[in-house]
Amino acid sequence: MIPEVSRLAHASRPVVRRLLGPPSMPRQTAPDSSPARLSLISRHLAPVYPINTPYTVERLPSTIDTSLLPKAQTRAMSSQPPHPTLLIPGPIEFDDAVLQSMSHYSESHVGPAFVATFGETLSMLRKLFQTSDPASQPFVLSGSGTLGWDLVAANLVEAGEDVLVLGSGYFSDGFADCLKVYGGNVTELKAPPGSKPQLPEIEKALSEKRYKLLTVTHVDTSTGVLSELKNLAALVHRVSPETLIIVDGVCSVACEEIDFDGWKLDGVVTASQKAIGCPAGLSISMFSGRAMQAFQNRKTPPAAYFASMKNWTHIMQNYEAKKPSYFATPSPQLIHALHTALKQILARPLSERFALHKEASDRIKKAVADLGLKQVASNPDEQAHGMTAIYLPETVKQTDILPSLAKKNVVFAGGIHKEIATKYIRFGHMGVSVLDPKRGDIDRAIKALQDGLAECGYQKA
């Protein structure tokens, strides 16, 4: 080692010790090899970076003024930099192993190693959605959860065909708008904010007209309203058996039960960044054999190119069969992260996962009630288990409570339902924040909410 580099590396040792903890503590992220150690040291030989860069929190206090940085708590057993706890209804906090999978080296998207990983990922999705029907077809495309709407509208609906949309909030409204763009003749059955259409009115609507498909938002992220699927699906099959049942499961897959085969669903669209626990960027969906047959029976070509099942179906089938195939380049790093997340999800029974989310949800909703606050979803049977939408006291503004929570290193989301947007906040509780109690995310959030409301001058009547 040349003298100057040796001197600098020696000077960096206190920084390395700070990152790894005192000798008596277990080293959670300590590199095992000399090259890895040198790589770690080299990060402290870089030029001085201005505040608000990824390197800022790793530099010596004497190098920059750290007084303005968030005083986030360091989580035990985590390799992630200290940061405020993200408890919005997606993206959520991510497990270390999932994030580490994102740093996978670059590889060919048609190479045997990646093809095998992608194939396993698609097969694991069948288990997550609870389908063993070989005619069911999974899709994993680069894009947000919204791309799932396009996949449905462009492939399963032809211009002029009737669609019934069950309206429970902002996102069901968005699904309706998407269907209209592709020429669907949309009927919206809307409910007041905090509720959902009820079975008798749905039965009436289905009896009056033949619908190509019905869409339901399982959990509307804008309101925290949960739409029950089992009885709804049974109703549709009884009253209008030819109607396809399509579920927007963006805020429900992996935290609410979805029995794809048992309930005879025809499509579920979701995204990677919510309860599945993978960084944003993947549109994930499952369609039944009946839905795929409806696509095959189209009289006109799909009204999309990137979102065309014609272009993607054989690609997904080939990948699942461990055969290289190409239409558009996937993201290998995101697929690796999803693969890791699905392995974690399937390592325990799904019923246990759903029960843990319900247990955490019940605890949070009790804390909300104990504070004298009400939920947007007023009916306990219609309250989601992966998020809670909380009406604020009349004396507390959203613009006051959210910054107060942020000072306590807890991030909630504001309201987005256009009729009540400024009156409530949203608390996301899904994935690792619920499943790993050692993190303390939920307890810390409840305490922050209690203290934040008090600081805003609120006292329970």
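What follows is calculated from the coordinates using simple rules that are stated; it is not laboratory data. Every value quoted in this text rests on a predicted model; they were computed, and no experiment measured them. Cβ coordinates were reconstructed from backbone atoms using ideal geometry, including for glycine residues, and neighbour counts include every protein chain displayed.
Going by the alpha-carbon gyration tensor, a ≥ b ≥ c the square roots of its eigenvalues, is the range 173-225 rounded (a/c under 1.5) or, if a/c is not under 1.5, prolate (a/b greater than b/c) versus oblate?
Oblate.
At an R0 of 30 angstrom, the distance between the Cβ atoms of Lys358 and Asp451 translates into a FRET efficiency of 0.70.
At what distance in angstrom do the alpha carbon centres of the range 334-395 and the range 180-207 lie from each other? For the range 334-395 versus the range 180-207, the Cα centre distance is 25 Å.
Derived scalar couplings between HN and Hα for the range 351-362 equal 4, 5, 4, 5, 5, 5, 5, 5, 4, 5, 4, 4 Hz in order, rounded to whole Hz, by the Karplus curve 6.51 cos²θ - 1.76 cosθ + 1.60 (θ = phi - 60°), x for Gly and Pro. Be a star and scan the range 431-461 for residues whose amide nitrogen sits under 20 Å from the point 7 Å along the Cα-to-Cβ vector of Lys407. Counting only backbone N, you get 444-460. For Ala321 and Asp381, the difference between the fully extended length at 0.36 nm per residue and the C-alpha to C-alpha distance is 17.5 nm.
Phi angles of the range 87-92 translate, via the Karplus equation with coefficients 6.51, -1.76, 1.60 and θ = phi - 60°, into HN-Hα couplings of 10, 9, x, x, x, 10 Hz per residue; Gly and Pro are given as x. The string of couplings for the range 275-288 from the Karplus curve (6.51, -1.76, 1.60, θ = phi - 60°) is 5, 5, x, 10, x, 4, x, 10, 8, 10, 8, 9, 10, 6 Hz, one whole number per residue in order, with x for Gly and Pro.
What you get for the range 202-324, charging only the Cβ of Lys and Arg (+1) and of Asp and Glu (-1), is a dipole of about 620 debye around the Cα centre.
Counting 0.36 nm for each residue step from Asp261 to Lys209 and taking away their Cα separation leaves a gain of 16.1 nm.
Once backbone amide H atoms are built at 1.01 Å from N, Leu226 has Gln383, Ala384 as its partners under 5 Å, excluding neighbours fewer than 5 places away on the same chain.
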